[in-house]
Amino acid sequence: MAPGLTREAEERRLNYAAHIRYWRRNLKTFLPHQYTGNDCNRMTLAAFIISALDILGDLPAALSQEEREGYIDWVYRCQLPGGGFRPAPATDLGPLRNPENQIWDPFHVAGTFFALLILVNLGDDLEKVKRREILQWLTKLQRSDGGFGETVGENDRVEGGNDSRFGFMAAAVRWMLRGNLEGPVDGVPDIDVDAFVRCVQVAETYDGGLSEAPYHEAHGGFTSCAISALYFLDRLPRKQTDGRPRGLRNMPMTLHWLASRQTLTLDEEDAADTYSDETDSAATCHDSHSFMKLHNFPSSRGKLSFQNQPPVHAELKWVGMNGRENKIGDTCYAYWVCAPLKLLEHLHIIDPKPIRRWLLDRTQHLVGGFGKLPGDHPDPQHSFLGLMVLSMFGEAGLQNVDTALCITEKAKKHLESLPWRRKLLGLDDKGEA
Amino acid sequence: MMTALFTLLSAVFSLPYRLLLAVAVSVRSRVQAPKMPANEDAKYYRDDPAWGDVEPLPQDDGGLHPLASIAYTDEYSEAMGYLRAVMADSEHSERVLELTEHIISMNPAHYTVWLYRAKTLREIKADLGREIEWLNPTALQHLKNYQIWHHRQTIIDALGSPDGEADFIATMLEQDSKNYHVWSYRQWLVQRFSLFDKEDELTWTESMIEDDVRNNSAWNHRWFLVVGGHSGHLESEHVVKRELEYAKYAIRKAPQNQSPWNYLKGAVRAAGLPSSSLKDFALEFADMRRPDDIYSSHALDLLADIYAEEEGNKEEAKKALELLATRFDPIRAHYWNYRKGLLEVPETAA
């Protein structure tokens, strides 16, 4: 057998049956008590579960009509009387809730974002969502520097961090509920989009990535969230300027930084082989396992090839992605790095094949799902983002996804077809915009 | 371990997960006793006379079809019921501090429990020094938790002094020298207490880079002190020289380490110098006339940029990018080829 064929035969595939079993189990049975630390992220986990089954094409088969309605009902039970969603029943004060204590069961941006995603995924029309109130809340969630917090606490104080994760979710919620429109809509004021763009710009780092805050370290997650937010706000860089501030002041550097996230450091052993040896040769450097071997590439390996098969260098078979300089590859960063590249229309500057192989051969788990590192147990976040990346790469058998919203294109079309949204955006008179 | 085992069992034998859960829980109490708080250590409020006046508010999980349900321990469910009752009643007291501590030990990512605790500390005018003493081991138990750091900022801000914080940070970084929360917190400290130009801060940062020259968080902290503390500029010729020499010294130690290369290029830009000022230095590691002696893909990358800007040297730039794509950094071959493609495009007025 030709070596090329052997390689193909050895290659791991996406184990659909196992992934579907993994996600159905997450949907229909209790998560073990070790998830207690995620008790306030249940809406997030739920969105991953529902969206993953949709990406796998299993959602219609996995749910009875009664279950579908029951889940929609559960999400609406998390809607707050004043608008917005709590991220879990844990903070629900039930009959004891009153104007004085409601700050302990507040509007929550992640709860709201993921609740909307679930409703859209389950085919709800969002008619029962307090949409005006949510849009009002978003303006309260924005700080004077343009960034967003997680929740609004006592005396209207914006609580939580001030990084692009919250800006991403706020921008996504705004897009879902009012599309690209800027300025007041239907009597509801808009967030300060220009201020947010400036907030993203000052978090650009000297090496081309984006960070949590000015002069903090560049990080894949914050880079992705910031770029997705700019995408929802229609403020990504453009060739023609239109006078509006646009994010990313140095695109070539950002692309350089994103491309630099590809790594051959795939497990702790790869990273450990040079610790406490900081002498001055290429042989002892980080990534030396790749650099020195690649030094001989392709000359010696080339001799081994025959039948015109290009040699697959062992180190090139798997390429991981990391979230920061000199860190180990991690499944979720395949999404946090590929998503901005795709939104910036530059996904072609990476080779998806070895990244796909890394996910399938190294971090895909026997029982379905993906772990963070090779050998790790699967968890919903890494399992979901692994699937997202494979779908973005065009994996056969997976539904197409919307990169920034993290739902299938089909689900996004459902949202865009809703009559109230079409009316708000003035699409009914003019047809498709 | 146990979770994995029984996820696997469930998958392989298609056993009902709930059944396995029940088995696992009974097994776990024996097998995992050292890791899990043993049952006799569990705290229950219903048996505690000090809580006799409080009617717990049980969780309404939301109907027949809740999503992402968690098999809570009885201990957690009960404590949360008391927390909701206390929050509903806006009680702030010493016992509430104990209750929030108990909840945090089981769910440190509960976002309002931290806010409620902070408010309680203010209301009862608690000793904030004691709060920090409690926070130290708690942070060590939950290295990746975000809320702990936000809370710590609130407390240290109120205390008005960074005393002792450097030692605590050192302990945290011993566990994980690149922990993002810890470095972000350090930056907050520097800003809050104006430590940018304090000699100790730069010396400490240097020692972190000495410990691990590839610690990008430490490099970034240096940038934060030297450039961020001075409105994005390198403040004098002396500082420019010092920073360029420092980055070069680190590159000579480990030429294939991208952190100091990024730092060096950033410093040259911040000083308003042309990238061509780094040409001779880059050639030390990547002389294209001797491709077998190339020691750094980052030097080649920099040379490609420098050649591209030089009059009539695009061919050299292409050669550098080809060497990167085919020999020295093939995992980024698509990117290097893309850069090569850009050299063909006629310059547009930027």
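Summed over the stretch A:157-199, the residues that are charged (D, E, K, R) and farther than 23 Å from residue B:147 by Cα give a count of 8. For the stretch A:56-93, give me each residue that is without any contact (Cβ under 8 Å) to a residue 24 or more places away in the chain and under 20 Å from residue A:150 (Cα atoms). Passing the criteria: A:81, A:92, A:93.
Checking each residue in the stretch A:343-372 for being away from every other protein chain (no Cβ under 14 Å) and surrounded by fewer than 18 Cβ atoms within 10 Å (Cβ to Cβ) picks out only A:361.
To keep it simple, each residue is scored yes or no on (1) more than 8 Å from chain A (Cβ to nearest Cβ); (2) farther than 21 Å from residue A:322 by Cβ; (3) aromatic (Phe, Trp, Tyr).
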{"position": "B:308", "(1), (2), (3)": "yes, yes, no"}
{"position": "B:318", "(1), (2), (3)": "yes, yes, no"}
{"position": "B:324", "(1), (2), (3)": "yes, no, no"}
{"position": "B:331", "(1), (2), (3)": "no, no, no"}
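Considering the stretch A:87-123, and only residues there that are within 13 Å of residue A:152 (Cβ to Cβ) and more than 20 Å from the chain's Cα centre (by Cα), the residue that is surrounded by the most Cβ atoms within 10 Å (Cβ to Cβ) turns out to be A:107. Across the stretch B:83-134, the qualifying residues are those that are among the hydroxyl-bearing types (Ser, Thr, Tyr), touching a helix residue (DSSP H, G or I) at 6+ places or on another chain (Cβ under 6 Å) and more than 8 Å from chain A (Cβ to nearest Cβ), and the one among them that is nearest to residue A:111 (Cα to Cα) is B:100.
Please report, ordered by residue number, the helices (runs of 4 or more DSSP H) entirely within the stretch B:217-293 with at least 2 residues that are in contact with a helix residue (DSSP H, G or I) (Cβ under 7 Å, 6 or more places away or on another chain) and either on the phi > 0 side of the Ramachandran plot or among the small types (Gly, Ala, Ser) (or both).
So the answer is B:237-253, B:258-270.
Please pick out the residue among A:53, A:45 that is free of Cβ contacts under 8 Å to residues at least 40 places away in the same chain and part of a helix (DSSP H, G or I). Just one listed residue meets the conditions, A:53. Residue B:177 satisfies every condition listed in (1) facing chain A (nearest Cβ under 9 Å); (2) under 22 Å from residue B:136 (Cα atoms) except (1). Within this structure, residue A:24 passes the test of being modelled with pLDDT of 95 or more and surrounded by 17 or more Cβ atoms within 10 Å (Cβ to Cβ). Among the residues of the stretch B:48-73, those that are more than 29 Å from the chain's Cα centre (by Cα), facing another protein chain (nearest Cβ under 10 Å) and either in a helix (DSSP H, G or I) or not aliphatic (A, V, I, L, M) (or both) comprise B:55, B:58, B:59, B:60, B:61, B:62, B:63, B:65, B:66, B:73.
Across the stretch A:129-157, what is the number of residues that are more than 12 Å from chain B (Cβ to nearest Cβ) and either closer than 22 Å to residue B:181 by Cα or not aliphatic (A, V, I, L, M) (or both)? Walk me through how you get there before you give the answer.
Within the stretch A:129-157, the first condition is being more than 12 Å from chain B (Cβ to nearest Cβ), and the residues that meet it are A:129-148, A:156.
Remaining after also requiring either closer than 22 Å to residue B:181 by Cα or not aliphatic (A, V, I, L, M) (or both): A:130-133, A:136-137, A:139-140, A:142-148, A:156.
Adding up the residues that qualify gives 16.
Within the stretch A:33-47, none of the residues are among the aliphatic types (A, V, I, L, M) and away from chain B (no Cβ under 11 Å).
Screening residue A:126 with (1) within 24 Å of the chain's Cα centre (by Cα); (2) within 14 Å of chain B (Cβ to nearest Cβ) gives one miss only, at (2).
The values are calculated or read from the model by the stated rules, or taken from the named source; none is laboratory data. On a predicted model such as this, the values are computed, not experimentally measured, just so you know. With ideal geometry, Cβ positions are generated from the backbone for all residues, glycine too; neighbour counts draw on all protein chains shown.
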